[in-house]
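To start, the structure under review is shown below, and the notes come after it.
The values are calculated or read from the model by the stated rules, or taken from the named source; none is laboratory data. Here the structure is a predicted model, which is why all the values come from computation and not from measurement. Cβ placement follows ideal geometry from the backbone for every residue including glycine, while neighbour counts extend to all protein chains displayed. For accessibility, only protein heavy atoms count, side chains too; no ligands or nucleic acids. Shrake-Rupley method; radii C 1.70, N 1.55, O 1.52, S 1.80 Å.
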Amino acid sequence: MSFAVALAMLEREGRWLLQLRDDIEGIVHPGCWGLFGGHLDPGERPEQAILRELGEEIGWEAPELPLWFEHHDDQLSAFYFRGPLTVPLCELQLNEGQDMALAGLEELRSGRIWSPRLQQRRGLAPSLERAVRRLDPRLGPKN
């Protein structure tokens with residue numbers, strides 16, 4: 001079964017906004033750092049889904065975000081949007097996930113990001129790894 005998601009790579013002052021996914025059995029990549037976004041509703045375009053998801057997940061009315069790239073395989077169609085985070089982290093409300101943070105490229109390259117709320121490092125979800133490879137060509141083009 002295939003599904004479609006819209007994901008946001010949002011940058012503020014050289015750092016990228018990440019969501020630490022809940023530690024709930026049965027969700028995709030529990031306990032890993034990922035990007036805010038989510039499934040497309042029936043009939044919804046990716047451009048609509050990303051704005052809706054950002055409103056639901058962090059209470060932010062994002063401006064239109066440009067499509068950055070797409071990834072398609074047998075199970076997933078992922079639409080990655082990229083743009084600026086126009087408000088400070090403290091103005092966002094975390095409504096989904098167990099933490100959020102801004103991480104620089106060096107941290108992202110390390111594959112383990114510090115969670116201020118959990119006081120520990122956690123790994124990256126494959127969707128975030130894919131975006132990091134796009135940001136940093138030295139990491140190689142894997143999907």
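Our helix-only sum for the chain, with -39,500 (n - 2.57) per DSSP H run of n ≥ 4 divided by its residues, gives a mean residue ellipticity at 222 nm of -6000 deg cm²/dmol. Here the Gaussian network model covers the chain, with springs between Cα atoms less than 10 Å apart; of D73, D23, D41, D73 fluctuates the most. The modelled label-to-label distance for the pair T86/R112, using points 7 Å beyond Cα in the direction of Cβ, is 3.8 nm. Near the amide H of L76, within less than 5 Å, lie the amide hydrogens of F3, all on another chain or at least 5 residues away, with H placed in the peptide plane. If you build a Gaussian network model of the chain, linking Cα atoms that sit under 10 Å apart, which residue out of F69, F79, F36 swings the most? Residue with maximal mean-square fluctuation among F69, F79, F36: F69. Derived scalar couplings between HN and Hα for the stretch 105-122 equal 4, 4, 4, 4, 4, 5, x, 9, 10, 6, 9, x, 6, 8, 6, 7, 8, 10 Hz in order, rounded to whole Hz, by the Karplus curve 6.51 cos²θ - 1.76 cosθ + 1.60 (θ = phi - 60°), x for Gly and Pro.
Between S77, S127, S110, the residue with the greatest mean-square fluctuation in the GNM of the chain (Cα pairs under 10 Å linked by springs) is S110.
What the chain shows is 54 Å² of accessible area per residue, with the surface traced by a 1.4 Å probe over protein heavy atoms.
Backbone amide hydrogens, once placed in the peptide plane, bring W68 within less than 5 Å of Y80, F81, R82, excluding anything fewer than 5 places away on its chain. Within the shell defined by Cβ-Cβ distances under 13 Å, the residues around G97 carry a net charge of -4, with Lys and Arg each +1 and Asp and Glu each -1. Express the carbon and sulfur contribution to the solvent-accessible surface of the stretch 3-135 as a percent, rounded to the nearest whole number, probe 1.4 angstrom. Answer for the stretch 3-135: carbon and sulfur cover 47 percent of the accessible area. The coefficient of translational diffusion for the chain, derived via Stokes-Einstein from the alpha carbon Kirkwood radius under 20 °C and 1.002 mPa s, stands at 141 µm²/s. DSSP finds beta bridges in the stretch 3-135, and of those with both partners inside it, around 70 percent are antiparallel.
Per residue, the average separation of C-alpha pairs within less than 8 Å and at least 6 apart gives the chain a relative contact order of 29 percent. All other residues whose Cβ lies under 15 angstrom from that of E47 are scored, Lys and Arg at +1 and Asp and Glu at -1, for a net of -3.
The stretch 1-50 to the stretch 94-126: how many Å between their Cα centroids? Here the answer is 14 Å between Cα centres. Given +1 at the Cβ of Lys and Arg, -1 at the Cβ of Asp and Glu and no other charges, the dipole of the chain around its Cα centre is 700 debye to the nearest 20.
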